[in-house]
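The values are calculated or read from the model by the stated rules, or taken from the named source; none is laboratory data. What you see is a predicted model; the values in this text were computed from it and never measured. Note that we place each Cβ from the backbone using ideal geometry, even for glycine, and neighbour counts take in every protein chain shown.
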Amino acid sequence: MTSSRFIITVIGSDRVGIVARITTVMASFNVNIVDISQTIMQGIFTMIMLAEAPKENFDLTAFQEAMDKVGKKMGVEVKVQHEDAFRFMHRI
Amino acid sequence: MHINPYEIMETIRMVRMEHLDIRTVTLGISLRDCSHPNIETFNENIYDKITAHAKRLVSTTNEIQSFYGIPIINKRISVTPIAIVAESCKDPDLVSVAKTMDEAAKDTDVDFIGGYSALVHKGTTPGDLKLINSIPESLASTETVCSSVNVATTRAGINMDAIGLMGNIIKKTAELTADRDGIGCAKLVIFANAPEDNPFMAGAFHGIGEPECVINVGVSGPGVINAAIRELETPNLTEISETIKKTTFKITRMGEMIGKEVSRRLGIEFGILDLSLAPTPVIGDSVATILEAMGLERCGTHGTTAALALLNDAVKKGGAMASSSVGGLSGAFIPVSEDAGMIEAVEAGALTLEKLEAMTSICSVGLDMIAVPGDTPTSTLSAIIADEMAIGVINRKTTAVRIIPAPGKGVGDFVEFGGLLGRAPIMSVSNFSSEIFVKRGGRIPAPIQSLTN
C-alpha cells in the first residue's frame with residue numbers, strides 16, 4: 001500500500017442533498033476530500049471523490065459500511081476503493 | 001485529479017457490469033518434508049503443514065477484496081503432487097490422504113485444494129500407480145480435492161499405458177459419483193505438458209521446481225473483452241486484436257496488483273499471474289460470445305479456430321506487456337459446461353467435439369468440461385485423451401482433458417453440476433472403435449521437436 005487515499009464513487013439518480021449527506025459521513029470518520037468531481041455520465045449521476053483517510057485509527061470496513069448505508073438510504077450506490085485499484089490499471 | 005473520471009468509471013463498469021474479477025488466489029505449498037512411511041503420521045504432517053500456512057489466506061484475501069473493491073472469487077491451495085510425497089507410505093490405500101486434504105481445505109475455508117496428482121509422462125512408479133488407482137474413491141469421498149495426472153510431455157512423449165489406465169479411472173470416477181451426474185470427473189484433469197504453477201482448478205498442483213510456498217493469481221474477464229469488442233463500430237480484425245490487447249493489459253495490471261498485495265500481507269513469495277479468460281455460466285461472461293462478437297453467427301462454425309487464435313494471441317501479448325510474472329496457462333479457456341455461449345452453440349448443433357479439438361490446438365487448455373454418453377467405452381475415452389495429448393506434445397504446449405462420461409445419460413440429455421461448474425449437454429462421440437490402438441500400450445516417442453539441445 002502506497003497511500004491512505006481512496007476513490008469514492010457515488011452512482012445513481014440525482015437528488016437534493018447527496019453531497020451533503022455523503023460528506024457528513026466522511027467527516028465523522030475524519031476523511032478529507034482531496035478532489036471532487038460531479039458529472040452526468042450516460043444519463044446517470046456520477047460523483048467521484050479522491051479522499052484521504054487518517055493514517056491511524058481508521059476503520060476501513062466500518063467506513064465502507066457507513067457509506068454504503070447512507071447511499072442505500074438515498075438510492076445511490078457508494079463505493080470506497082483504494083486509489084491503487086485505478087492507478088495500477090490505467091497508469092504505468 | 002491524477003486519474004481521470006472516465007478511467008475510474010471504466011474500472012467500475014468492468015467490475016459491476018462486465019464481471020471482471022480475480023478468479024483465484026492460489027497458495028502453493030510444498031509437502032516434500034511431510035513424507036512418512038506411516039500413513040497416519042503422514043496425514044498429520046500434511047494437515048498441520050497446510051493449515052499452518054493457509055490459516056490467514058482467506059481472511060487476508062477478503063480484506064484485500066474490500067480494500068480495492070475488486071471481487072476475489074476463489075481461494076485455493078495447491079500442493080506437491082501427492083504421488084511423490086506419499087511414495088514412501090507403506091499403506092496400500094491413499095484415500096485417507098485425500099480426505100485429510102479435504103479436511104484441511106475445509107478448516108482453512110478454501111474452495112478447492114489441488115495436487116492429488118501424479119506425473120507419469122515417461123513411466124509410473126509404484127507410488128504413482130497407488131495414487132492413480134485411488135483417484136475414483138478419493139474424488140467420490142471428498143468435495144474440495146482436485147486431481148490431475150500428467151501423461152505426456154514434449155520431452156518424454158506420450159505414455160499410452162497411463163492413458164489406457166486413465167480411461168478406466170475416469171469411467172470408475174463417474175460411476176462412483178453417478179448420483180451427482182459423475183461430478184467426480186469434473187475434478188480430474190489429464191495433462192500434457194502440465195504447468196507447475198497453474199492456479200486454476202482442477203489442474204493446479206505445486207510443482208517440484210517451486211519454492212516452499214508461493215502465491216499464484218488467476219485473473220479472468222471474458223465479459224470485459226466481450227464488451228470492449230462490441231463497443232467498436234465495424235472494426236476490422238486488426239482493430240479487434242488491438243482492443244483485446246489493450247483491455248487485457250488493464251485486466252492483468254489489476255491482477256498483478258492484487259497478487260503482490262496478497263503476497264506482501266501474507267509474507268509469501270509472489271509466483272505468477274495467470275491471465276486466462278475463464279468463462280462462468282453467467283450470461284455475457286463467455287468466451288464463445290467473444291468469438292461471436294467478432295462476427296461468427298455461432299461459436300463452432302467455420303472461422304471459429306481463426307477467431308480463437310486471434311483472441312488467445314492478443315490476450316497473451318497484452319498480458320506479457322502488463323506483468324513480468326505471467327505464467328501458468330495464460331490464454332483462453334473453452335470449458336463447455338462453464339460457458340453459456342458454448343452450451344448454446346452445442347445445443348444449436350454448431351459446436352462438436354471434433355471442432356473443440358481443433359480449437360484446443362491454438363488456445364491455452366484442452367477438451368474441458370465435456371460431457372459424453374455414459375456408455376462411452378473406456379478405450380474411446382483413452383483415445384480422446386491420446387488425441388489431445390498429441391496436440392500438446394507436438395505443439396509444445398499444455399493440453400488437458402476433463403471429460404465426464406455421464407452415467408445413464410445419452411446425447412440430448414444434460415448434466416447439472418451447479419455453481420462455477422455449470423451444466424453441460426451430452427456430446428456425441430465416434431461410434432467406431434479405438435480399442436485395439438489403445439490396448440497396444442507402450443509409449444509414443446518424444447517428437448523431433450524435443451531434440452533442441
Looking for whichever is under 19 Å from B:ARG23 (Cα atoms) and polar (S, T, N, Q) here; the options are B:ASN193, B:ASN159, B:ASN226, B:ASN168. Which one fits?
B:ASN226
Taking the conditions exactly as written (more than 23 Å from the chain's Cα centre (by Cα), more than 12 Å from chain A (Cβ to nearest Cβ), surrounded by 17 or more Cβ atoms within 10 Å (Cβ to Cβ) and not in a helix (DSSP H, G or I)), does B:HIS19 satisfy them or not?
no
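Conditions (1) closer than 30 Å to B:VAL282 by Cα; (2) charged (D, E, K, R), marked per residue:
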{"position": "B:ARG423", "(1), (2)": "yes, yes"}
{"position": "B:SER428", "(1), (2)": "yes, no"}
{"position": "B:GLU435", "(1), (2)": "no, yes"}
{"position": "B:ILE448", "(1), (2)": "no, no"}
Residue set B:LEU273, B:LEU237, B:LEU291, B:LEU311; condition of a type outside the set (Phe, Trp, Tyr), within 14 Å of another protein chain (Cβ to nearest Cβ), touching a helix residue (DSSP H, G or I) at 6+ places or on another chain (Cβ under 9 Å) and in contact (Cβ under 8 Å) with a residue 12 or more places away in the chain; output residue B:LEU273
Look at segment B:42-68 and say how many of its residues are buried (at least 21 other Cβ atoms within 10 Å of the Cβ), over 22 Å from B:HIS206 (Cα atoms) and not hydrophobic (A, V, I, L, M, F, W, C).
1
Could you check segment A:29-50 and list, in sequence order, the residues that are closer than 13 Å to B:ILE8 by Cβ and not β-branched (Val, Ile, Thr)?
A:ASP35, A:SER37, A:GLN38, A:MET41, A:MET47, A:MET49, A:LEU50
Single residue of B:GLY392, B:GLY422 found to be buried (at least 23 other Cβ atoms within 10 Å of the Cβ), at pLDDT below 95 and within 20 Å of B:ALA332 (Cα to Cα):
B:GLY422
Which of the strands (runs of 3 or more DSSP E) contained wholly in segment B:71-162 include at least 3 residues that are within 22 Å of B:THR51 (Cβ to Cβ)?
B:72-79, B:112-119, B:145-153
Could you grab me the full set of residues in segment A:33-81 that are crowded, with 17+ Cβ neighbours inside 10 Å and of a type in the set (Lys, Arg)?
A:LYS79
Note on segment A:10-20: residues surrounded by fewer than 16 Cβ atoms within 10 Å (Cβ to Cβ) and touching a residue at least 40 places away in the same chain (Cβ under 8 Å) are A:SER13, A:ARG15, A:GLY17
For the subset of segment B:45-70 comprising residues that are of a type in the set (A, V, I, L, M, F, W, C) and assigned to a helix (DSSP H, G or I), which member is nearest to the other protein chains (Cβ to nearest Cβ)?
B:PHE67
Residues B:GLU239, B:GLU297, B:GLU212: which one is closer than 28 Å to B:ALA194 by Cβ and surrounded by fewer than 24 Cβ atoms within 10 Å (Cβ to Cβ)?
B:GLU212
Which number in (1) within 14 Å of chain A (Cβ to nearest Cβ); (2) out of contact with any Leu (no Cβ under 8 Å at 6 or more places or on another chain); (3) among the hydroxyl-bearing types (Ser, Thr, Tyr) marks the one condition that B:THR248 misses?
(2)
Which one of these does B:ILE384 not meet: (1) buried (at least 22 other Cβ atoms within 10 Å of the Cβ); (2) on the phi > 0 side of the Ramachandran plot?
(2)
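Condition check ((1) of a type in the set (Val, Ile, Thr); (2) out of contact with any Phe, Trp or Tyr (no Cβ under 8 Å at 6 or more places or on another chain); (3) buried (at least 23 other Cβ atoms within 10 Å of the Cβ)) across all residues:
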{"site": "B:GLY259", "(1), (2), (3)": "no, no, yes"}
{"site": "B:LEU277", "(1), (2), (3)": "no, no, yes"}
{"site": "B:VAL315", "(1), (2), (3)": "yes, yes, yes"}
{"site": "B:ALA322", "(1), (2), (3)": "no, no, yes"}
{"site": "B:ALA348", "(1), (2), (3)": "no, yes, no"}
Can B:HIS36 be described as in contact with a Phe, Trp or Tyr (Cβ under 7 Å, 6 or more places away or on another chain), assigned to a loop (DSSP other than H, G, I, E, B), touching a residue at least 12 places away in the same chain (Cβ under 8 Å) and not small (Gly, Ala, Ser)?
yes
Would you check if B:ILE39 is in contact with a His (Cβ under 7 Å, 6 or more places away or on another chain) and surrounded by fewer than 21 Cβ atoms within 10 Å (Cβ to Cβ)?
no
Expected single match for modelled with pLDDT of 95 or more and touching an Asp or Glu at 6+ places or on another chain (Cβ under 6 Å) among B:THR144, B:THR80 is B:THR144
Does B:THR24 satisfy the condition of being part of a helix (DSSP H, G or I) and either touching a helix residue (DSSP H, G or I) at 6+ places or on another chain (Cβ under 7 Å) or more than 14 Å from every other protein chain (Cβ to nearest Cβ) (or both)?
no
Which of the residues spanning segment A:50-92 are among the acidic types (Asp, Glu) and within 11 Å of chain B (Cβ to nearest Cβ)?
A:GLU65, A:ASP68, A:GLU77, A:GLU83, A:ASP84
